[in-house]
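A short reminder: the numbers here are calculations on the coordinates, not readings from a lab. Just so it is clear, the structure is predicted and the values come from calculations on it, not from any experiment. In this analysis, Cβ positions are derived from the backbone assuming ideal geometry, glycine residues included, and neighbour counts consider all displayed protein chains.
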Amino acid sequence: MTQARGQQAYLMRHELPESSYGVDPASVHSIKLPFNTSGITATRNLIEPTTITGRRDAVAPAQGRRNVAGSVVVPIDQCAIGYWLEMLMGSPTTTPTGSAYQHVFKVSSVMKSYAIEQGHADLSEYIKYSGMKANGFSMRIGGDEELTMSIDLIGQAEAMGGSSMSSRITTLSFTRFHNADAILQEGGTALDGKVTELNLAVANNLDEAVYCIASGGGGKRGDLPEGLAHATGDMRIMFENRSYYLMAASGSERSLTVTFRQNSFYLELDIDELIFERHTPPVETPLGLWVTLPFRAYYNDGSNASVIQATLVNTWSAYSGHL
């Protein structure tokens, strides 16, 4: 038999969300999404019993709960990243702008679930994961490396078979953004040539513990409720004076915006309310000194009305319901 090749694998998502948790939508048109790695896996615990039988031999293990979870690393591009942002934050508000479209993503009160398929076309083996929600993402901005996003996914169940979950499949055009495209602003002022690295993480704090008794084999999630959305991170900046120390020490409200722009197309991540954590610079080298400032975002009265806002401008006219 032939071993599966990773380069032959693909990930795709139903375009539309599930009609209810774990239940396919009426239309199962799917979108192929580029990815670097996929750690999604389904597991079921085997529980060691304490049953006594009069022998020293162990008895057969008991079946535990089923879990579907894992992280995918995806390139940040002009089009497909919108489908991941939709899972992470909610469906965007889309507005035509000239020959392009502006999609604005904000934290929504209810997160939608989707079916995701990991296909192995060289073996004609397909794994469908249902009830999938995005628990958060992390990304590192800056450095001499590919610009990617790591997305944590949690789901309900898996099914492996010899046919795909969709017969109608769309493959998107692919144009990636680069770290070299990044423009960073703090408090509305450009930080050109000051910051070497910005780390950003968003957590949706999904409740993973909603396991239910059910027919057909229980021990799987009956729902995946969303918790509070948090955005945190840190910024590594040149130590040139005490201004950022004083800003952090005062606990004053600040903002951060990072934009990846290619001509008229861009992805902008905007946090309009945050506080930097108070940190003094260490001396760890005889060379130039840096200070790393952690931050925590929140929503109070910011104009975005969201703990983080993502704006994507591209030629794709809509996300859910486009095809």
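Numbers below:
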{"read-out": "Residues (of a type outside the set (S, T, N, Q) and buried (at least 18 other Cβ atoms within 10 Å of the Cβ)) located in the range 143-156", "value": "147, 149, 151, 152, 153, 154, 155"}
{"read-out": "In the range 1-22, residue farthest from residue 90 (Cα to Cα) [restricted to those that are in contact (Cβ under 8 Å) with a residue 40 or more places away in the chain and over 21 Å from the mean Cα position of the chain (by Cα)]", "value": "2"}
{"read-out": "Candidate set: the range 300-321, residues that are touching an Asp or Glu at 6+ places or on another chain (Cβ under 7 Å) and more than 28 Å from residue 80 (Cβ to Cβ); chosen: the one surrounded by the most Cβ atoms within 10 Å (Cβ to Cβ)", "value": "302"}
{"read-out": "Residue, surrounded by the fewest Cβ atoms within 10 Å (Cβ to Cβ), within the range 84-131, restricted to residues that are in contact with a Ser or Thr (Cβ under 9 Å, 6 or more places away or on another chain) and among the acidic types (Asp, Glu)", "value": "122"}
{"read-out": "Residue within the range 235-248 that is in a strand (DSSP E or B), out of contact with any helix residue (DSSP H, G or I) (no Cβ under 7 Å at 6 or more places or on another chain), surrounded by fewer than 17 Cβ atoms within 10 Å (Cβ to Cβ) and of a type in the set (Lys, Arg) present", "value": "yes"}
